[in-house]
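S.K.: Please see the structure below; I have some questions.
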Amino acid sequence: MTQCLWCEEKIEIALTFSGLFLEKAKKEYICNTCMNRLEPVSNKHDQCGTCCKPSKDKQCQDCLKWKKIYPDYDFKHRSLFYYNHFAKEYMEKYKIMGDCELALLFSSQLNNCFKSRLKDSVFIPIPISGKSLTVRGFNQVELLLENAGISYIRALENISEEEKQAKKNKKERMEMKQPFVLKNGVESQLKGKNVILVDDLYTTGRTLFHAADSLKNCFPASIKTFSLFR
């Protein structure tokens, strides 16, 4: 028995035969009460089929705009949860206040999400700027992957000196200049591979499209994107 990292409620895990005799039981760090405060993307029926944005259309206006800018990119984004009030509280405590232990909160859910892709995909976390890394002390996306047991490659470097995206409106985010450069020597690691770009939060998609554009000259087999929240 363990405790929820968010509310400290006790978590009881029902052990299966395989959990007892064949493999180590996967530890949970979030209780059912807290999980019920989240809004899973999979439960939303009216959503964009490309980026998961709530929409009555099969493809939202943002994705139609991106398709005009990147006509040759077969974009597909997936998220676990919508960015509701609880998700915002979590991000503020984890990312802004620096409670690194909370990187464990969704480790089981992230591992389950990617377990079928671990052998055939290369995971690339979105890098933060050097200024943000100095202030925060950690890359929140890398920490999420590490605690979920997912290996990754630091293929990109963030050279941006602009203010944080949280301080920008939608128009300013959409017009953000390319902040990423490809690190030396990663081309051979990505050529012909299925790449999954990982971020913590998807808002307009601008960051992930910039990242995907930075990788195109590595000739990966595919580039998909993922974020914990949408």
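S.K.: Mind checking which residues of region 44-61 are surrounded by 13 or more Cβ atoms within 10 Å (Cβ to Cβ), of a type outside the set (A, V, I, L, M, F, W, C) and either touching a strand residue (DSSP E or B) at 6+ places or on another chain (Cβ under 8 Å) or in contact (Cβ under 8 Å) with a residue 24 or more places away in the chain (or both)?
M.R.: If the condition is that a residue be surrounded by 13 or more Cβ atoms within 10 Å (Cβ to Cβ), of a type outside the set (A, V, I, L, M, F, W, C) and either touching a strand residue (DSSP E or B) at 6+ places or on another chain (Cβ under 8 Å) or in contact (Cβ under 8 Å) with a residue 24 or more places away in the chain (or both), then K44, Q47, T50, K53, P54, S55 are the ones that fit.
S.K.: Let me ask you something else. In region 159-173, is there at least one residue being in contact with a Phe, Trp or Tyr (Cβ under 8 Å, 6 or more places away or on another chain) and of a type in the set (V, I, T)?
M.R.: yes
S.K.: Additional query: Go through region 124-144 and report how many residues are buried (at least 22 other Cβ atoms within 10 Å of the Cβ) and more than 16 Å from G98 (Cα to Cα).
M.R.: Looking only at that region, the number is 4.
S.K.: Looking for whichever is in contact with a helix residue (DSSP H, G or I) (Cβ under 9 Å, 6 or more places away or on another chain), modelled with pLDDT under 95 and more than 29 Å from C31 (Cβ to Cβ) here; the options are D74, D62. Which one fits?
M.R.: D62
S.K.: From G98, G149, G192, G185, grab the single residue that is in contact (Cβ under 8 Å) with a residue 12 or more places away in the chain, under 21 Å from S222 (Cα atoms), small (G, A, S) and part of a loop (DSSP other than H, G, I, E, B).
M.R.: Just a single option satisfies the conditions, and that option is G192.
S.K.: How many residues are assigned to a helix (DSSP H, G or I), within 17 Å of M174 (Cα to Cα) and not β-branched (V, I, T) when one looks only at region 60-95?
M.R.: 8
S.K.: Just need a number here: residues in region 204-227 that are surrounded by fewer than 18 Cβ atoms within 10 Å (Cβ to Cβ) and in a loop (DSSP other than H, G, I, E, B).
M.R.: 2
S.K.: All but one of (1) part of a loop (DSSP other than H, G, I, E, B); (2) charged (D, E, K, R); (3) in contact with a strand residue (DSSP E or B) (Cβ under 6 Å, 6 or more places away or on another chain) hold for D200; which doesn't?
M.R.: All conditions pass for D200, except number (1).
S.K.: While we're here: Only one of these conditions is not met by F123: (1) assigned to a helix (DSSP H, G or I); (2) under 28 Å from C31 (Cβ atoms). Which number is it?
M.R.: Of the numbered conditions (1) assigned to a helix (DSSP H, G or I); (2) under 28 Å from C31 (Cβ atoms), the odd one out for F123 is (1).
S.K.: Here's something else I'd like to know. Does L156 count as among the aliphatic types (A, V, I, L, M), surrounded by 16 or more Cβ atoms within 10 Å (Cβ to Cβ) and over 14 Å from the mean Cα position of the chain (by Cα)?
M.R.: Working: among the aliphatic types (A, V, I, L, M): yes; surrounded by 16 or more Cβ atoms within 10 Å (Cβ to Cβ): yes; over 14 Å from the mean Cα position of the chain (by Cα): yes.
The answer is yes for L156.
S.K.: Can I ask one more? Scan region 34-77 for residues that are out of contact with any Phe, Trp or Tyr (no Cβ under 9 Å at 6 or more places or on another chain) and of a type in the set (S, T, Y) and report the count.
M.R.: Total meeting the criteria: 2.
S.K.: What number of residues in region 201-213 are closer than 26 Å to S116 by Cβ and touching a Pro at 6+ places or on another chain (Cβ under 9 Å)? Step through it out loud before you land on a result.
M.R.: First pass over region 201-213, keeping only residues closer than 26 Å to S116 by Cβ: 201-202, 205, 207-209, 211-212.
Now narrow it down to the ones that are touching a Pro at 6+ places or on another chain (Cβ under 9 Å): 207, 211.
Residues meeting the conditions: 2.
S.K.: Is it the case that some residue within region 159-166 is touching a Pro at 6+ places or on another chain (Cβ under 7 Å) and crowded, with 17+ Cβ neighbours inside 10 Å?
M.R.: yes
S.K.: Another question, then. Within region 214-225, can one find any residue that is closer than 27 Å to E92 by Cβ and aliphatic (A, V, I, L, M)?
M.R.: No, region 214-225 has no match at all.
The values are calculated or read from the model by the stated rules, or taken from the named source; none is laboratory data. Computed from a predicted structure; not experimentally measured. Because the Cβ atoms are built from the backbone with ideal geometry, glycine has one as well, and the counts that use them run over all protein chains shown.
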